[in-house]
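Presented below is the structure to which this report refers.
Every read-out reported here was derived from the displayed coordinates using simple, explicitly stated rules and does not represent laboratory data. Given the structure is predicted, the values throughout are model-derived calculations rather than measurements. Quick reminder, even Gly has a Cβ in these numbers, built from the backbone with ideal geometry, and neighbours come from all protein chains shown.
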Amino acid sequence: MLDATRNAAPEVIYHLGAMLGFACEADPGGAMRVNAMGSLHIMEAARMFGVRQVMFASSVTTFALGLPDNHMADHDPQNPVNLYGVLKLMTEGLGRYYRHKHGIDFRAIRFPSVVGPGNRTPGLATYTTEMIEAAQQGKPYIVQADANSAIPVLYVADSARALIELSATPEKSLSRREYLVDGIKPTPTAATLAKMVRAAFPEAEIDFRPNPDWQPFLDIYARPIDDSAARNDWGWAAQYDYARIIREFRTPLSYNFTQTIKGHQK
């Protein structure tokens with residue numbers, strides 16, 4: 001990380017790398033090395049080589065316990081219940097420390113479930129991507145969530161654009177440094193998403209078999225996101241609804257968040 005930062009001399013670092021939820025639970029030591037120490041290495045590289053800004057991909061999983069029943073907002077308590085969320089919250093705190101201590105312009109976006117073709121990392125809410133891909137490939141798909149689960153969904157291109165727009169917003173316009181963003185409004189249920197996939201792929205076979213171990217965690221995040229701070233401070237608005245997301249899926253499948261960011265920067 002140090003050599004890469006010294007050689008590239010970037011003005012902005014986009015910190016997107018992490019082990020995700022299931023992987024963190026399976027290998028806590030690895031999660032600490034990748035998600036915690038990786039974040040520290042990035043912040044130290046930024047400090048040592050004068051990087052102006054660090055943009056961080058955080059997560060709604062920094063929230064969990066103590067949320068209101070009807071929404072999730074930036075000012076709500078952050079009490080994560082899994083290691084992934086704990087380490088995302090740790091990096092938010094680390095970024096604030098480096099901002100106040102060393103003057104690094106740290107900013108973060110707390111992403112919901114990000115949908116994009118070719119996502120191979122399993123997770124609680126990856127059914128939002130997987131049911132489209134299975135239908136596209138003519139394969140049956142079982143959603144391991146209740147049909148009424150309403151997990152906020154954001155397309156990968158919108159996610160990349162959100163980071164770029166927040167990065168470019170003048171500091172004087174910001175009321176905070178960490179923002180929730182939402183995608184499709186109102187948040188669709190899993191049954192609604194399945195209906196839309198079937199409309200695009202009439203032969204799609206989609207069934208629901210909720211996983212009793214997963215559902216309590218899904219229920220935590222099955223609430224609307226209040227992203228009014230992002231909307232008010234830097235004009236955030238998602239551009240992709242789920243119908244457009246389905247149309248964006250192509251073969252061969254590819255999912256590259258970094259390349260998506262570069263494409264939006266041109």
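Figures for the structure shown
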read-out: Potential extension, R231-D207 segment - 0.36 nm per residue separation minus Cα distance; value: 5.0 nm
read-out: Reachable aspartates and glutamates, given that their alpha-carbon falls under 15 Å from the alpha-carbon of K88 and they are not under 8 places away in the same chain; value: E25, D74, E178
read-out: The range 48-56 - phi-based ³J(HN,Hα) in whole Hz, Karplus 6.51/-1.76/1.60, Gly and Pro as x; value: 5, 10, x, 5, 5, 9, 10, 9, 10
read-out: For peptides 187-197, 1-11, sequence by mean Cβ density within 10 Å, most packed first; value: 187-197, 1-11
read-out: Virtual spin-label span in nm between L40 and W214, 7 Å along Cα→Cβ; value: 3.4
read-out: Placed amide H near A145: partners under 5 Å, 5+ positions off or other chain; value: R209, N211
read-out: Per-pair calculated FRET efficiency, R0 = 41 Å: R198 and R96 via Cβ, rounded to 0.05; value: 0.35
read-out: Stokes-Einstein D for the range 193-240, Kirkwood Rh over Cα pairs, 37 °C, 0.692 mPa s (µm²/s); value: 231
read-out: Euclidean distance of C-alpha centroids, the range 178-202 and the range 23-54, integer Å; value: 32
read-out: Highest to lowest packing among 78-86, 125-133, 168-176, scored as the average C-beta count within 10 Å; value: 125-133, 78-86, 168-176
read-out: Environment charge at S39 (Cβ cut-off 10 Å; Lys +1, Arg +1, Asp -1, Glu -1); value: -1
read-out: Kirkwood Rh in Å, taken over the range 78-134 so that all alpha-carbon pairs contribute; value: 13.6
read-out: Tilt relative to the chain, helix 156-168 - C-alpha long axis, 0 to 90 degrees, to 10; value: 20
read-out: Enclosed volume per residue, in Å³, of the convex hull spanned by Cα atoms of the range 120-183; value: 117
read-out: Kirkwood Rh, Cα atoms: Rg over Rh of the range 154-217; value: 1.14
read-out: 222 nm mean residue ellipticity, helices alone, for the chain (DSSP H n ≥ 4; -39,500 (n - 2.57); rounded to 500); value: -12000 deg cm²/dmol
read-out: Bins of 5 Å, starting at 0 and running to the largest distance - Cα pair percent for the chain; value: 1, 6, 13, 17, 19, 18, 13, 8, 4, 2, 0, 0
read-out: Largest to smallest principal axis extent of the C-alpha atoms in the range 83-189, angstrom; value: 53, 28, 25
read-out: Segment Q137-N70, length gained on full extension (0.36 nm per residue, minus Cα span); value: 20.5 nm
read-out: The range 39-133: proportion of alpha-carbon pairs further apart than 17 angstrom, %; value: 59
read-out: Sequence-distant aspartates and glutamates (8 or more away, or on other chains) whose Cα lies within less than 13 Å of K185; value: D226, D227, D241
